[in-house]
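Encoded as structure tokens, the structure appears first; notes follow it.
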Amino acid sequence: MDNKFQKGFIFRQENCVGCGGCSVACQIHNELPEDVRFRKVDLYEVTDATGRVRDVWLSHSCMHCTNPTCMAVCPVGAFIKRPDGIVVLDRNKCTSCGLCKPACPYDAIVLSKIDGKAAKCNLCVELLDAGLNPACVDGCPVKCLEAGNVSQVLAQKKSASKQGIGYSDGPNGPNMIIIRERK
């Protein structure tokens, strides 16, 4: 069943320049060690119909899935799903079992080298709840990343889909939207 309040990331993939500003802003906001990333930026080389090779970037983090396997495998219920669909981890409940990391098909969970506990993107709920953007959104210099209501964007924008280069919809029901306006 779809959550009409589901929040997620909206990504204009064709405008991303791969600078990593989103990833660094997230890292700074969450005070993450240098080698830990909640948001990753992956490079894909794509060959078009004319044989021209171009770089395409995918900025991604936790997909705040409709059916999150991290939540399903956690033996202590450390993951919760808010009414707006954001999947949040209560690190105080985490027992460091590590079952969530391999269960996530999007490689969105990191295990701390300090305490072994899981950590992940929470869509900056403390900022969203205060009416602000997630740190990664404000960190994007070309404004190709937003946070918003997934159902509304899919219904209102013809160019919105759950398919992109390096990303597609799946059984977990990931909640990231790709906007493609140019042909």
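Would you mention how many residues in the range 1-13 are open to solvent by 50 Å² or more (accessible area, probe 1.4 Å) and either part of a helix (DSSP H, G or I) or touching a His at 6+ places or on another chain (Cβ under 9 Å) (or both)? Break it down into steps so the answer makes sense when it comes.
If we filter the range 1-13 for residues that are open to solvent by 50 Å² or more (accessible area, probe 1.4 Å), which is where we start, we get 1-2, 4-5, 7, 12.
Retained after the next criterion (residues that are either part of a helix (DSSP H, G or I) or touching a His at 6+ places or on another chain (Cβ under 9 Å) (or both)): 7.
Adding up the residues that qualify gives 1.
If I filter the range 18-36 for residues that are more than 19 Å from Leu132 (Cβ to Cβ), assigned to a strand (DSSP E or B), modelled with pLDDT of 95 or more and out of contact with any helix residue (DSSP H, G or I) (no Cβ under 8 Å at 6 or more places or on another chain), do I get at least one hit?
Within the range 18-36, none of the residues are more than 19 Å from Leu132 (Cβ to Cβ), assigned to a strand (DSSP E or B), modelled with pLDDT of 95 or more and out of contact with any helix residue (DSSP H, G or I) (no Cβ under 8 Å at 6 or more places or on another chain).
What's the number of the only condition in (1) open to solvent by 50 Å² or more (accessible area, probe 1.4 Å); (2) assigned to a helix (DSSP H, G or I) that Ser151 fails to meet?
Ser151 satisfies every listed condition except (1).
Tell me the residue from Cys104, Cys121, Cys144 that is surrounded by 17 or more Cβ atoms within 10 Å (Cβ to Cβ) and within 14 Å of Gly8 (Cβ to Cβ), please.
Cys121
Scan (1) at pLDDT below 95; (2) in contact with a Lys or Arg (Cβ under 8 Å, 6 or more places away or on another chain); (3) open to solvent by 40 Å² or more (accessible area, probe 1.4 Å) for the single condition Leu111 breaks and write down its number.
Here Leu111 meets the rest and fails (1).
Which members of the range 20-29 meet the condition of being within 21 Å of Tyr106 (Cβ to Cβ) and either open to solvent by 50 Å² or more (accessible area, probe 1.4 Å) or free of Cβ contacts under 8 Å to residues at least 60 places away in the same chain (or both)? Give the derivation first.
Of all residues in the range 20-29, those within 21 Å of Tyr106 (Cβ to Cβ) come to 20-27, 29.
Once the filter is applied, which keeps residues that are within 21 Å of Tyr106 (Cβ to Cβ) and either open to solvent by 50 Å² or more (accessible area, probe 1.4 Å) or free of Cβ contacts under 8 Å to residues at least 60 places away in the same chain (or both), the range 20-29 yields Gly20, Val24, Gln27, His29.
How about the range 38-50: which of its residues are open to solvent by 10 Å² or more (accessible area, probe 1.4 Å), in a loop (DSSP other than H, G, I, E, B) and modelled with pLDDT of 95 or more?
Filtering the range 38-50 down to residues open to solvent by 10 Å² or more (accessible area, probe 1.4 Å) leaves 38, 40-50.
Checking the rest, the ones that are also in a loop (DSSP other than H, G, I, E, B) come to 38, 48-50.
Once the filter is applied, which keeps residues that are open to solvent by 10 Å² or more (accessible area, probe 1.4 Å), in a loop (DSSP other than H, G, I, E, B) and modelled with pLDDT of 95 or more, the range 38-50 yields only Phe38.
Return the total of residues in the range 154-180 being over 13 Å from Ile10 (Cα atoms) and either open to solvent by less than 30 Å² (accessible area, probe 1.4 Å) or assigned to a loop (DSSP other than H, G, I, E, B) (or both).
Residues that pass the stated criteria total 8.
Which of the residues that make up the range 54-97 are open to solvent by 40 Å² or more (accessible area, probe 1.4 Å), touching a residue at least 24 places away in the same chain (Cβ under 8 Å) and assigned to a loop (DSSP other than H, G, I, E, B)?
Selection gives Thr66, Asn67, Pro75, Arg82, Pro83, Arg91.
The values are calculated or read from the model by the stated rules, or taken from the named source; none is laboratory data. Treat the numbers as computed from the prediction; the structure is a model and nothing was measured. Positions of Cβ are backbone-derived with ideal geometry, glycine not excepted, and every protein chain shown enters the neighbour counts. What goes into the accessible areas is simple: the full protein's heavy atoms, side chains included, and nothing from ligands, DNA or RNA. Shrake-Rupley method; radii C 1.70, N 1.55, O 1.52, S 1.80 Å.
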